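Notes follow the structure.
The values are calculated or read from the model by the stated rules, or taken from the named source; none is laboratory data. Everything numeric in this text was worked out from a predicted model, so none of it was measured. All Cβ positions, even for glycine, are placed from backbone atoms using ideal geometry, and neighbour counts span all protein chains on display.
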Amino acid sequence: MTALDYFKAKSEAYISPRELMARIAHDPASVFVIDVRIGPRPTRIRGAIDLPEREISARLDELPKDRLLVLYVSMSETLHFA
C-alpha cells in the first residue's frame, strides 16, 4: 500500500461530527454509534453504546451488519484494530 492509498482509505473511512449528526437526523436507524473513548466523556451521542476497544473483536457478532458502524474516539486516542 502506498502512502497515497493509505491516506485515501483513511479519508474515506472518516465521517465528521456534522455529517454524523445529519445522518442520524435524516435516518437514525441507518447508523450504529459505538463510543470507545476511555475515561470521562464530556459529550455524548444519543443512542451510542459504550464498548471498550479491547472488547470489540470479541463482540463482533453483536454488531449489526446492515448499518453504518461509527466508532467514536477522542483525538488523543488511536484505534489499534482497524
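What to note about this one:
- Applying the set (1) surrounded by 12 or more Cβ atoms within 10 Å (Cβ to Cβ); (2) of a type in the set (Phe, Trp, Tyr); (3) at pLDDT below 90 to Phe81 leaves exactly one unmet item: (1).
- Leading residue by the ranking (nearest to the chain's Cα centre (by Cα)) among those in region 7-51 that are under 18 Å from Val73 (Cβ atoms) and among the hydroxyl-bearing types (Ser, Thr, Tyr): Tyr14
- When restricted to residues that are under 22 Å from Glu62 (Cα atoms), assigned to a helix (DSSP H, G or I) and not hydroxyl-bearing (Ser, Thr, Tyr), region 24-46 contains 3.
- Within region 8-42, the set of residues being more than 12 Å from Val70 (Cα to Cα), in contact with a strand residue (DSSP E or B) (Cβ under 9 Å, 6 or more places away or on another chain) and surrounded by fewer than 15 Cβ atoms within 10 Å (Cβ to Cβ) comprises just one member, Arg41.
- Pairs linking a residue in region 44-55 that is over 9 Å from Ile34 (Cα atoms) and without any contact (Cβ under 8 Å) to a residue 60 or more places away in the chain to a residue that is loosely packed, with under 12 Cβ neighbours inside 10 Å and of a type in the set (Phe, Trp, Tyr), with Cβ atoms under 8 Å and 6 or more positions apart or on different chains, are Glu53/Phe81.
- The one condition in (1) part of a helix (DSSP H, G or I); (2) at pLDDT 90 or above that Asp66 fails to fulfil: (1)
- Selection within region 31-57 - farther than 18 Å from Met21 by Cβ and of a type in the set (Gly, Ala, Ser): Gly39, Ser57
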